[in-house]
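Data first, discussion second: the structure below is written as structure tokens.
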Amino acid sequence: MALSGIEIYKLLPKTNCKDCGFPTCMAFALKLATKQVELAACPHVSEEAQEELAASAEPPVRLIKVKSNGHEVQVGNEVVLYRHEKTFYNKPGIFFRIRDDEEEAAIKAKAKQIDEYQVNYVGIDLIVDGFAVEAVSGDGKTFSSAISAVRAVSQRPLILISGDPATMAEGLKVINGEAPLVYAADESNWEEMTDLALQHKASLVVKSATLESLSDLTPKIKEKGLADLVLDPGGRNFNNSLVQNTIIRRLALTKNFRPLGFPIIAFPGNMEDPTLEVPMAAQAIAKYAGFIVMDTFSPETIYPLLVLRENIFTDPQKPIQVQPGLYEINEPKPEDPVLVTTNFSITYFSVANEVEGSGLPAWLLVADAEGMSVLTAWAAGNFDSEQIAKDVKRFKVADKVDNKRIVIPGAIAVISGELEEELPDWEIKVGPREAVDIPSFLKQAL
Ligand code: SF4
């Protein structure tokens, strides 16, 4: 069970020496209780207390890292049930399954297309995390060849899938030195699979038909020396998967139930109806999957899933921001207009994309509005005439232009008079309310 702040405090030296960076042992204890600091930050804990505290300080969902050739997928370490309470930290890794009974050329072509997929969303490059190679052939050599074919075109992390330890051993040889995820240990093979995972510094998926049997199996594997585990509770439809994943997360977080304190793997591609793969993946992103193995790749379906993942795994209390400053779009000259907007990234990209798409040159002043959208920032007093005038001066906009025209968003037309007072040398123009109307405004009104 997790210890409370007071219980932790009783185990600390109580000298208030500040070596941990906190003014008192109590302040440190309270942070430790909410897993916001590492126990190692206090160098003075007695050995007796250390064991008890270390168990309590462990994250309720273990952090698992799957690595390869400079790439890394990190999942787990989550501390809340609901994103509105606090942020979710580590995005689930999205992997695409490659079956080893496919032709080498087909494997390479599929893996290459997925490896090269990259799309920019509000300044963030979205990519697929890796591949799950499955030994459907049951043959070690065929499995190894499929892994080699994937490795020939992609260096991304791998999940290796085979229930047969001998086949798995063949596959692991191909990627010796990487830290893959091995799928899977069950009642019948867990000892051999654990040995293999230990030998190759891999993480291991543990699967079982019920949560009870799953929670019997993980302590046995931990006792053998392997702590980097991932759970497959076996849910392959919407209801089972949601219920099982929720129970696992609840037990881990609210009861500190160690046997289920691990990330979860999901297989949306195993749905009987293939048209349900994408909605199932969306559910897995929202509800607690750490690894998601998909079968069908298409840019049209992966893009919304990656955007959903980005939105679920951003801190709801911190808007995504871009750097305030003066941006040049379509190579503006001194006579071109200055548009102003806020540094909320979605606002910035909406405006910047429309100006860019119009083909007309303009300067875009991105004011520091604490990452809020136009109206929200204005209502909060972060995007008023004073702030805009301040940023016009801070970013030396007057040095770049001859024609001092500044266009403010139509939604804050009300500040135009005040802005004229703040910037007496400038002509203040009111632009459209919506970014989509910027191109016609630039063509007709300027
Ligand atoms: Fe207390 Fe340890 Fe922090 Fe010193 S370093 S204040 S003993 S918790």
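Would you pick out the residues in segment 57-70 that are small (Gly, Ala, Ser), more than 16 Å from the ligand (Cβ to nearest atom) and at pLDDT below 95?
Step one: of segment 57-70, the residues small (Gly, Ala, Ser) are 57, 68, 70.
Add one more test, that the residue is more than 16 Å from the ligand (Cβ to nearest atom), and what stays is 68, 70.
Of everything in segment 57-70, just one residue is small (Gly, Ala, Ser), more than 16 Å from the ligand (Cβ to nearest atom) and at pLDDT below 95, namely Gly70.
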message = Whether any residue in segment 29-51 is in a loop (DSSP other than H, G, I, E, B), open to solvent by 70 Å² or more (accessible area, probe 1.4 Å) and more than 16 Å from the ligand (Cβ to nearest atom) is what I want to check.
response = no
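Looking at segment 60-71, is at least one residue without any contact (Cβ under 8 Å) to a residue 60 or more places away in the chain and over 25 Å from Ile248 (Cα atoms)? Talk me through it step by step, then tell me what you get.
Initially, segment 60-71 is screened for residues without any contact (Cβ under 8 Å) to a residue 60 or more places away in the chain, giving 63.
Next, from what is left, pick out any that are over 25 Å from Ile248 (Cα atoms): none.
Within segment 60-71, not a single residue is without any contact (Cβ under 8 Å) to a residue 60 or more places away in the chain and over 25 Å from Ile248 (Cα atoms).
Would you pick out the residues in segment 277-314 that are in a loop (DSSP other than H, G, I, E, B), out of contact with any Ser or Thr (no Cβ under 9 Å at 6 or more places or on another chain) and touching a residue at least 60 places away in the same chain (Cβ under 8 Å)? Spell out how you get there, then give the answer.
Step one: of segment 277-314, the residues in a loop (DSSP other than H, G, I, E, B) are 287-288, 295-298, 313-314.
Filter again for out of contact with any Ser or Thr (no Cβ under 9 Å at 6 or more places or on another chain), leaving 295-298.
Within segment 277-314, Asp295, Phe297 meet the criteria.
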note = Going through (1) of a type in the set (S, T, N, Q); (2) open to solvent by 60 Å² or more (accessible area, probe 1.4 Å); (3) more than 16 Å from the ligand (Cβ to nearest atom) one by one, Asn90 fails only at (2)
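From the residues in segment 99-121 that are modelled with pLDDT of 95 or more and of a type in the set (A, V, I, L, M, F, W, C), which one is farthest from Phe297 (Cα to Cα)? Can you show your working first?
Of segment 99-121, the ones modelled with pLDDT of 95 or more are 99-118.
Right, trim to of a type in the set (A, V, I, L, M, F, W, C) and you get 105-107, 109, 111, 114.
Details: Ala105: 17, Ala106: 14, Ile107: 13, Ala109: 12, Ala111: 10, Ile114: 7 Å.
Applying the filter and picking the extreme gives Ala105.
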task = Answer yes or no: is there a residue in segment 276-294 that is out of contact with any strand residue (DSSP E or B) (no Cβ under 8 Å at 6 or more places or on another chain) and of a type in the set (Val, Ile, Thr).
result = yes
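Can you pull out the residues in segment 415-436 that are in a helix (DSSP H, G or I) and within 19 Å of Val351 (Cβ to Cβ)? Before the answer, list the steps.
From segment 415-436, those in a helix (DSSP H, G or I) are 415-422, 435-436; that's our starting set.
Answer for segment 415-436, where residues must be in a helix (DSSP H, G or I) and within 19 Å of Val351 (Cβ to Cβ): Ile415, Ser416, Leu419, Ala435, Val436.
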request  = Could you tell me which residue of segment 374-392 is nearest to Ser440 (Cα to Cα), considering only residues that are in a helix (DSSP H, G or I) and open to solvent by less than 40 Å² (accessible area, probe 1.4 Å)?
outcome  = Val374
note = Being in contact with a helix residue (DSSP H, G or I) (Cβ under 9 Å, 6 or more places away or on another chain), open to solvent by 30 Å² or more (accessible area, probe 1.4 Å) and of a type in the set (A, V, I, L, M, F, W, C) narrows Ala135, Ala152 down to just Ala152
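Working carefully through the options Asp101, Asp125, find the one that is of a type in the set (Asp, Glu), open to solvent by 70 Å² or more (accessible area, probe 1.4 Å) and outside any loop (DSSP other than H, G, I, E, B).
Values: Asp101 fails: outside any loop (DSSP other than H, G, I, E, B).
Matching residue, one of Asp101, Asp125: Asp125.
Could you list all residues from segment 137-150 that are over 18 Å from Phe297 (Cβ atoms) and not hydroxyl-bearing (Ser, Thr, Tyr)? Outline the logic, then answer.
To start, the set of residues in segment 137-150 that are over 18 Å from Phe297 (Cβ atoms) comprises 137-145, 147-148.
Of everything in segment 137-150, those that are over 18 Å from Phe297 (Cβ atoms) and not hydroxyl-bearing (Ser, Thr, Tyr) turn out to be Gly138, Asp139, Gly140, Lys141, Phe143, Ile147.
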request  = Give me a count of the residues in segment 253-272 that are open to solvent by less than 60 Å² (accessible area, probe 1.4 Å), part of a helix (DSSP H, G or I) and either modelled with pLDDT of 95 or more or polar (S, T, N, Q) (or both).
outcome  = 3
message = Given the criteria open to solvent by 40 Å² or more (accessible area, probe 1.4 Å), out of contact with any strand residue (DSSP E or B) (no Cβ under 8 Å at 6 or more places or on another chain) and either hydrophobic (A, V, I, L, M, F, W, C) or within 16 Å of the ligand (Cβ to nearest atom) (or both), does Lys112 qualify?
response = no
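Considering only segment 72-85, state which residues are in contact (Cβ under 8 Å) with a residue 40 or more places away in the chain and either open to solvent by 70 Å² or more (accessible area, probe 1.4 Å) or not hydrophobic (A, V, I, L, M, F, W, C) (or both). Spell out the reasoning first.
Step one: list which residues in segment 72-85 are in contact (Cβ under 8 Å) with a residue 40 or more places away in the chain, which gives 72-73, 75-76, 78-81, 83-84.
Those that are in contact (Cβ under 8 Å) with a residue 40 or more places away in the chain and either open to solvent by 70 Å² or more (accessible area, probe 1.4 Å) or not hydrophobic (A, V, I, L, M, F, W, C) (or both): Glu72, Gly76, Glu78, Arg83, His84.
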inquiry  = Among (1) touching a helix residue (DSSP H, G or I) at 6+ places or on another chain (Cβ under 9 Å); (2) of a type in the set (A, V, I, L, M); (3) away from the ligand (no atom under 11 Å from the Cβ), there is one condition Val73 misses while meeting the rest; what is its number?
reply    = (1)
ask   = Pick from segment 1-28 the residues that are assigned to a helix (DSSP H, G or I) and open to solvent by less than 80 Å² (accessible area, probe 1.4 Å): which of them is farthest from the ligand (Cβ to nearest atom)?
value = Gly5
remark   = Out of (1) among the aliphatic types (A, V, I, L, M); (2) more than 8 Å from the ligand (Cβ to nearest atom); (3) surrounded by 14 or more Cβ atoms within 10 Å (Cβ to Cβ), the one Ala54 does not meet is (3)
key: Given (1) at pLDDT 95 or above; (2) closer than 26 Å to Gln283 by Cβ; (3) open to solvent by 70 Å² or more (accessible area, probe 1.4 Å), index of the condition Ser215 fails   = (3)
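The values are calculated or read from the model by the stated rules, or taken from the named source; none is laboratory data. If you're wondering where the values come from, they're calculated on a predicted model, not measured in any experiment. So basically every Cβ, Gly included, is an ideal-geometry build from the backbone, and we count neighbours across all protein chains shown. Ligands, DNA and RNA are excluded from the accessible area calculation, which covers all protein heavy atoms including side chains. Shrake-Rupley method; radii C 1.70, N 1.55, O 1.52, S 1.80 Å.
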